[in-house]
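The values are calculated or read from the model by the stated rules, or taken from the named source; none is laboratory data. Predicted model, so just to flag it, every value in this text is computed and none were measured. Here the Cβ is made from the backbone with ideal geometry for all residues, glycine too, and neighbour counts use every protein chain on show. Remember, those area values only see protein heavy atoms, side chains included, never the ligands or the DNA or RNA. Shrake-Rupley method; radii C 1.70, N 1.55, O 1.52, S 1.80 Å.
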Amino acid sequence: MNLAQLDYQWFQTINHFADRFSALNPLVAFFANNLDYVFYLGVIVYWFIRTPDNRKMVVNTLLSAGIALGINNIIGAIYHRDRPFVAHHVIQLVQHDASASFPSNHAAAAFAVASSIWLWRRKEGRIWFVLAAIIGLSRIWSGIHYPLDIVGGAISGTVIGIIVNKTMRQRVLEEFSVSFIRLYEFIEHKVWKP
């Protein structure tokens, strides 16, 4: 059995949870479509807690997620893999266009955010990793990604999060980040006093 066959077998097993545990389908579909909004909200909350470390972490987080999504789009343009519902009969809980399936943008962005937060705050980062894994699992269960799409997105997001964090801690880039934050805070204090 080759990797593609194994990936499809794993997909079928997870996707058929929709039959076996159908009472969970509305929740799984909600997670597949909307759990990423928790990540957006989390980043906003961290930013507006207004500590220097939070603001540096958010800059790293947004940069990591943006780069991960950009790289995913390049990979998807070079190597187009059809989504499961295009190539097979699946239990599809969530409607989706037939764009490239590999690697998963949702997984890449979620794991980039989770790894970026984890590098600053280990305990909180673990929670973000669990949420990222739930997003990945729900997208397989919902019939819109293969497991290797999620694994590919998770690896790219995590690696990019780590690379961005290490790169942004170099003196020149850290100074640039701090200057950007100071400029923002100068404008913020004119509009909204702390």
**Q.** Fraction of the pair-distance distribution of the stretch 143-194 above 19 Å, Cα-Cα pairs, percent
**A.** 56
Q. Percent of accessible area on the stretch 84-194 owned by carbon and sulfur, 1.4 Å probe?
A. 67
Q. For the residue pair His16 and Ser179, what label-to-label distance in nm results when each label sits 7 Å from Cα along the Cα-to-beta-carbon direction?
A. 5.9
Q. For the peptides 14-20, 31-37, what is the packing order when you average, over each peptide's residues, the other Cβ atoms within 10 Å and list the highest mean first?
A. 31-37, 14-20
Q: Below 27 Å Cα-Cα, how many Lys pairs turn up in the chain? Only count pairs eight or more apart in sequence, or on different chains, if you could.
A: 5
(Q) Under the 0.36 nm per residue contour assumption, what length would be gained going from the current alpha-carbon distance of Leu6 and Asn34 to full extension? (A) 7.2 nm
Q. Taking the Cα atoms of the stretch 37-136 alone, what are Rg (to one decimal) and Dmax (as a whole number) in Å?
A. 15.5, 50
Q.
Can you give me the C-alpha center-to-center distance between the stretch 152-194 and the stretch 1-79, rounded to a whole angstrom?
A. 21
Q.
Let me understand the stretch 106-194 better: what is its radius of gyration from the alpha carbons, and its Dmax, in angstrom?
A. 16.7, 49
**Q.** Label selected from [x] 16.2, 46; [y] 28.4, 107; [z] 18.5, 63, the criterion being Rg and Dmax of the Cα atoms in Å as computed here
**A.** [z]
**Q.** Gyration tensor (Cα) of the stretch 32-79, equivalent ellipsoid semi-axes in angstrom
**A.** 26, 15, 4
Q.
Quick check on the chain: helices-only [θ] at 222 nm, where DSSP H runs of length 4 and up contribute -39,500 (n - 2.57) each and the sum goes over total residues. Nearest 500, please.
A. -25500 deg cm²/dmol
**Q.** Compactness relative to 2.2 N^0.38 Å, alpha carbon Rg of the stretch 126-167
**A.** 1.26
